[in-house]
Each structure stands twice: as structure tokens, then as C-alpha cells.
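One structure, pasted below without further comment.
Derivation of every value follows stated rules applied to the coordinates shown; laboratory data play no part. Treat the numbers as computed from the prediction; the structure is a model and nothing was measured. Neighbour counts are summed over all protein chains in view; Cβ atoms, including those assigned to glycine, are modelled from backbone coordinates with ideal geometry.
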Amino acid sequence: MTESVFDIRVVPTIAELRERLAERRAAGASVALVPTMGALHAGHLALVARARELADVVVVSIFVNPLQFGPGEDLDRYPRTLEADVSALAGLGVAFVFTPSVAEMYPNGPTGTTLSAGEVGSLYEGASRPGHFDGMLTVVGKLLNIVRPDVAVFGQKDAQQIFLVRRMVEDLDVPTAIDAVPTVREADGLALSSRNRFLDPGQRAAALTLIEALRAADAAAPEGLAEVLAEGAAAFGDHDEVTLDYLVVVDPETFLPVADGARGPAVVLVAARVGATRLIDNAAITLG
Ligand code: PAF
């Protein structure tokens with residue numbers, strides 16, 4: 001699919017994307033990138049709306065990045081819905097949808113040069129999914145080099161991801177601003193995720209445990225760290241279908257666990273398995 005769909009041009013190669021962006025830049029346009037793995041939902045569309053506010057030309061990349069999936073993870077079952085994704089983007093002011101193949105992105109195979117996410121990359125999500133953040137940073141680094149956007153827009157739902165992307169951009173002097181968009185939720189609080197489509201009705205109800213845990217943690221925040229951890233974990237007590245992976249409280253500046261007695265802004269990160277589906281969420285709190 002290389003032809004224009006509605007107002008959007010779907011571009012599968014790096015060379016063509018660079019050529020088309022060079023034309024736009026020569027005419028004075030600024031460029032925003034929204035990196036995605038497809039299976040777009042309203043959360044992604046909020047990123048696109050923000051990108052449209054920030055730049056003249058919006059590029060949405062759709063690439064299910066094998067490097068950020070470990071053995072036994074859901075790479076094969078990850079939803080691939082390109083036609084529906086392009087339709088969902090129609091009319092939103094997206095200029096290009098970049099849809100590279102794995103060979104286009106990794107011409108030297110998966111054992112080529114990669115980025116390392118360092119210590120924070122091995123914690124929380126990184127502890128449960130070894131190598132995930134190295135793979136994520138590698139593809140985001142490549143996308144930033146390919147598109148050379150003025151700004152790239154990410155969702156706050158993946159709080160550890162956005163922390164690591166911001167740090168990479170700072171550490172590697174990448175001349176792109178990073179913008180974070182608040183998590184988009186269903187009316188009952190469930191954070192939108194491409195993986196929600198795997199939940200059956202019972203699991204969908206059980207998945208609310210994550211937001212219940214975050215609300216309990218927030219309510220306990222004036223009492224301090226121990227209460228936050230206890231109340232957050234207690235929310236998982238009643239639900240057989242949900243297995244807590246981690247619930248931690250981190251310093252937003254370092255993403256390391258906050259110390260006992262800490263006060264002030266913090267972020268609660270939660271991850272749980274609902275059936276075969278892994279979900280994550282987070283909330284900003286103020287420790288009293
Ligand atoms: O958040 C995601 O969908 C992915 O991790 C990203 C940033 C598109 C990199 O593959």
C-alpha cells in the first residue's frame with residue numbers, strides 16, 4: 001500500500017520518507033513524529049492530535065519492533081491492523097504513515113548495533129521483560145534518525161519508556177523535543193492499550209484492579225510510602241484472574257525507588273497479568 005489513502009501517504013521505505021520530508025522541510029515545515037506499533041486506539045489518536053498542534057507535518061510510524069519482544073512474549077499475536085489504522089488516522093492531519101518492514105529497519109539483522117537502556121532499563125518493566133527497553137530505545141533512536149523530527153510525541157501510560165526516551169535524547173544529544181500526552185482512559189478508568197482487545201468480559205472487569213490499585217495508592221499518599229505500597233498491593237487481594245507483577249513508587253527525576261520517609265512528587269508504577277495479557281499503568285502522587 002504505497003498510494004495515498006484519504007489525505008495520508010503510506011510510505012514503506014526510509015529513502016522515500018526522507019525524500020518526501022526533505023521537500024516539506026525545504027518549504028519551511030516543522031515535523032512531528034508519533035511512533036507506534038499500530039493497533040491504534042483513542043490513546044494514539046490523542047498523540048496525533050498533540051503532534052498536529054506542535055508541528056506542520058505529522059509522521060506516524062507503525063512498526064511492530066521484534067527487538068523489544070523477548071522469547072515467549074506476544075510478538076506473534078501482537079495485533080497487526082494496518083488498513084484499520086490508516087482509516088483511523090484519516091482526516092486527522094497526518095501527512096505520512098511510515099510502515100517499514102523488519103528488513104528495512106534491521107538490514108544487518110537483530111544482532112547489529114543496539115542501544116542500552118542502562119540501570120533503569122533493567123528495573124520494573126525491564127526486570128519482567130529483559131532486553132525490552134534496549135530494543136525499544138534502539139528502534140526509537142532509529143526512528144529519530146530516519147525522520148529527524150522537531151518533536152516526538154509519546155503516551156504517559158508507558159511512563160518508564162518515556163523516562164528512558166527522554167534520557168536517551170539528553171545523553172545522545174538528539175535534537176528532538178520529547179512531548180508526553182496524559183493517559184487516555186475508558187469511562188471506568190481502564191487505561192487504553194492495544195492489548196485490551198485480548199481481554200474477555202471477565203478479564204476486562206478484572207483489569208480494573210490496576211486503576212483501583214492506583215486510586216488506593218493515591219488515597220494513601222498522605223500517610224507515606226509504606227501505606228501506599230500496602231494499600232496498592234491490597235487492591236489485588238480479591239481478584240483471582242489478576243496476578244500482580246510489581247507495584248513500586250519511584251522518584252520522577254531518577255526513576256529509582258523512593259526511599260522510606262520520602263515526601264513530595266512520586267510516580268506509582270503497576271504491572272499485572274490478566275489471563276495471558278500483561279497490562280501496565282501509572283499515576284503521579286504526592287507523598288506526605
Ligand atoms: O510504545 C510503543 O508503542 C513502542 O514501544 C514504540 C515507542 C512505538 C517503539 O516501538
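Are there any GluC sites (Glu not before Pro) in region 203-286 that are in a DSSP loop and have at most 14 other Cβ atoms within 10 Å? List them by number.
Listed in order of number, the matching sites are 253.
Moving on to the next point. If you place +1 on the Cβ of every Lys and Arg, -1 on the Cβ of every Asp and Glu, and leave all else neutral, what size is the dipole of the chain about its Cα centre, to the nearest 20 Debye?
So the magnitude is around 760 debye.
Of all beta bridges DSSP finds with both residues in the chain, what is the antiparallel percent, to the nearest 5?
That works out to approximately 55 percent antiparallel.
Sort 158, 281 so that the residue with the fewest other Cβ atoms within 10 Å of its own Cβ comes first and the one with the most comes last.
So the residues, fewest neighbours to most, are 158, 281.
For the Cα atoms of the chain, what angle does the longest principal axis make with the long axis of helix 132-147, in degrees from 0 to 90, nearest 10?
30 degrees
Any idea what the relative contact order of region 1-62 is, in percent, if you count C-alpha pairs under 8 Å spaced at least 6 apart?
With pairs under 8 Å counted, the relative contact order is 32 percent.
Taking the Cα atoms only, what angle lies between the long axis of helix 159-171 and the longest principal axis of the chain, rounded to 10 degrees?
50 degrees
Arranged by the count of other C-beta atoms within 10 angstrom, fewest first, what order do 113, 99, 243 take?
Fewest to most other Cβ atoms nearby, the residues stand as 113, 243, 99.
Quick one: Debye curve from the alpha-carbon atoms of the chain only, equal weights, vacuum; give me log10 I(q)/I(0) at q = 0.14 Å⁻¹ to two decimals.
After summing over all Cα pairs, the log10 values are -1.06.
While we're on this one: Mind ranking 186-198, 114-126 by how tightly packed they are, going by the mean number of other C-beta atoms within 10 angstrom, highest first?
114-126, 186-198
If you don't mind, there's one more thing I want to ask. At what distance in angstrom do the alpha carbon centres of region 69-101 and region 197-249 lie from each other?
Taking the Cα centre of region 197-249 as reference, the centre of region 69-101 is 29 Å away.
From the helices alone, meaning DSSP H stretches of at least four residues, give me the mean residue ellipticity at 222 nm for the chain, per-run term -39500 (n - 2.57), in deg cm²/dmol to the nearest 500. Don't jump to the answer; show the numbers that get you there.
Details: 11 runs with 103 residues, N = 288.
Rounded to the nearest 500, it is -10000 deg cm²/dmol.
Taking the dipole about the Cα centre of the chain, with the C-beta of Lys and Arg at +1 and of Asp and Glu at -1, give me whichever of 128, 79, 61 is farthest to the positive side.
61
Can you put 239, 44 in order of Cβ neighbours within 10 angstrom, beginning with the fewest?
239, 44
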